[in-house]
Structures are given as C-alpha cells and as structure tokens.
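The values are calculated or read from the model by the stated rules, or taken from the named source; none is laboratory data. Remember, it's a predicted structure, so these values are computed and weren't measured experimentally. Methodologically, a virtual Cβ is constructed for each residue, glycine included, from the backbone with ideal geometry; neighbour enumeration extends over all protein chains shown.
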Protein chains: 2
Amino acid sequence: MTTIDPSTAAAPDGAAPHGAPTVYVCVTCRRAGEPEVEPRPGALLAAATVQAAHNTGVTVRRVRCLANCTRGPSAAVRCNGSWTYVFGGLDVVCAPALVEGARLLAGAADGVMPWRGRPEPLKRGLIARVPPADFQEDIE
Amino acid sequence: MTTIDPSTAAAPDGAAPHGAPTVYVCVTCRRAGEPEVEPRPGALLAAATVQAAHNTGVTVRRVRCLANCTRGPSAAVRCNGSWTYVFGGLDVVCAPALVEGARLLAGAADGVMPWRGRPEPLKRGLIARVPPADFQEDIE
C-alpha cells in the first residue's frame, strides 16, 4: 500500500495533479458460462469497491456494461490526464486492488499505472488501455 | 456513410459539440499466433487509417500498445465527452470503418456510438467501452 494521497498527488515538476482517480465498475457483469444469479458478480464487486474506497479519495462509479462481457467481471480505472485501464476476470476480492490501482495511477506523474507494485489482479486481468485525449507519441 | 460533419456536430439541445473525434491505432499489434513480420499489421492499419481520415475531421494517433495484445490489431475511438471504445481483431481493410465509427460517435448527442449503422468490424470487434470522466448513472 502506498502512502500517496491522490487528492494532492502532483508530478515532481510541480505540474497539476492528475487527481480525481475513479474506478468504474460494471454492475451487469456475470462470469461467462455461469448461470445468471442475482445479485450479479459485478454488482457485488461494485459494492465491495465502494467500501474499499471509503476515505481514500478514490471515486467509484457503477456502470451498466463496459462491453467486456466475455471476460467479466470488469472495471475501468482512470484519473484526469492519465491513461484509461480496463480490467477483467475480476472478483469481489479484487475490490481493494482496484482502489490501490487508482491510487497508484493518481500518483504517477506520467499518467501510466506502474507495473511494479501493481496489484496482481490488475496485472493478469489487464484487458486494454487507452491514452489520454491529448496524447501524442513521436512515431513515424 | 453519414453526412455528419464531426467538427460541427452538436447535441440537439444546443449543448457544446463533442468534437475532436480521434482514432488511436496500436502500431505494435500483430496477429496472435502469427510470426513477427515488419511492417507490423498494426502499423499498416495506422497508415491506412491516416489515409482514410484525410479531410474527414477525424484525427488519427499512432500509439505503442493498447494492451489488447491477444486480440489485435487494435484501435480505440473517442471524442471529447463521449464514451471510449476499444476494438480488436482488426485488419488493414478496417481503416474506413474506424473513421466512420469516429464520425458516428462525433454525431451522437449522448456520446454513445450507435449500434445501428455502425460498421460491421466495430460490432464484432468490440473489446470494451469506458464512459466519459464525468459519467454518473442512476444505479442503486
């Protein structure tokens, strides 16, 4: 667990903080191939993530469908100005990992969630990542 | 093909246009299980998408790795204020579909890429979608 406070996390050069780390949890997700049960695994994960995020500065939003249906339960993590990460194959026990991932991202000056120290479910469950809107890489 | 001009597309209620439709193409993608060849399929897709986007108001950005490696070639599409879409299983012939998807998204007042009229590669190749930063849904 880092000691970064996402609400005040700033780049070392004094640039504006990325701030506002947010976890979007898909509440409609169920495990592929498993029978439909209520509450859905996604809804349970969302509730656990809200609880895990209490007093951390991390915002949790419930969303109906992140379209990762074949590899759910799913969640996405991002801060202002950061890359956006989509994770799958999650479970209710992954809630603290999502919150920790959001905190790591909030503390990353380059907007990239560090691999080192990243919770295991966010390594093996990585589905995709998308750069921030203003991202431009020097590629021929 | 719609006749929407993304640069002027506005919500019916007069809200600010989403604007700035952007396609992010992963240039490091290759087809899973296929031998490594240069240029990579992702780089070819990027070049074709730049060409397809000419004079459409759609911006194309080359990116090194969208982390959808097992289901590449990959691209992401988004506008300001819209949902973000990640697509996989693409091919060089999908370039016009990506541009058309970006234009559809730019013209969608609700920030959601419509299913109706969406090019086929962006239906079968949908990997995930993530809501805009300020998204909040009324869910218990």
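Some points to look at:
- Every listed requirement among (1) modelled with pLDDT of 95 or more; (2) surrounded by fewer than 23 Cβ atoms within 10 Å (Cβ to Cβ); (3) within 13 Å of another protein chain (Cβ to nearest Cβ) is met by A:ALA133 save one, (1).
- Residue ID - farthest from the other protein chains (Cβ to nearest Cβ), chosen from residues in the range A:92-120 that are over 11 Å from the mean Cα position of the chain (by Cα) and outside any loop (DSSP other than H, G, I, E, B): A:VAL93
- Any chance B:ALA67 is within 11 Å of chain A (Cβ to nearest Cβ), over 21 Å from B:GLN51 (Cβ atoms) and among the small types (Gly, Ala, Ser): yes
- The listed residue being without any contact (Cβ under 8 Å) to a residue 40 or more places away in the chain, closer than 25 Å to B:PRO41 by Cα and at the interface with chain A (Cβ under 8 Å from one of its Cβ atoms), out of B:ARG62, B:ARG78: B:ARG62
- Hey, A:GLY42 farther than 28 Å from B:ARG64 by Cβ and either free of Cβ contacts under 8 Å to residues at least 40 places away in the same chain or out of contact with any Phe, Trp or Tyr (no Cβ under 9 Å at 6 or more places or on another chain) (or both) or not: yes
- Taking (1) among the hydroxyl-bearing types (Ser, Thr, Tyr); (2) under 19 Å from A:TRP83 (Cβ atoms); (3) over 15 Å from the mean Cα position of the chain (by Cα) in turn, A:TYR24 satisfies each apart from (3).
- For the range B:72-125, filtering for residues that are of a type in the set (Lys, Arg) and under 22 Å from B:GLN136 (Cα atoms) leaves 1.
- Filter pass, A:LEU126 being out of contact with any Lys or Arg (no Cβ under 6 Å at 6 or more places or on another chain), crowded, with 23+ Cβ neighbours inside 10 Å and within 14 Å of chain B (Cβ to nearest Cβ): no
- Residues that are in contact (Cβ under 8 Å) with a residue 40 or more places away in the chain and either under 30 Å from B:ARG124 (Cβ atoms) or touching a Cys at 6+ places or on another chain (Cβ under 6 Å) (or both), drawn from the range A:81-100: A:SER82, A:TRP83, A:THR84, A:TYR85, A:VAL86, A:PHE87, A:LEU90, A:ASP91, A:CYS94, A:LEU98
- Across the range A:35-69, the number of residues qualifying as over 15 Å from B:GLN136 (Cα atoms) and assigned to a helix (DSSP H, G or I) comes to 11.
- Scanning the range A:121-135 for residues that are charged (D, E, K, R), within 13 Å of the chain's Cα centre (by Cα) and farther than 27 Å from B:VAL23 by Cβ yields one hit, A:LYS123.
- Of residues in the range B:81-91 being among the hydrophobic types (A, V, I, L, M, F, W, C) and part of a strand (DSSP E or B), the one nearest to the other protein chains (Cβ to nearest Cβ): B:VAL86
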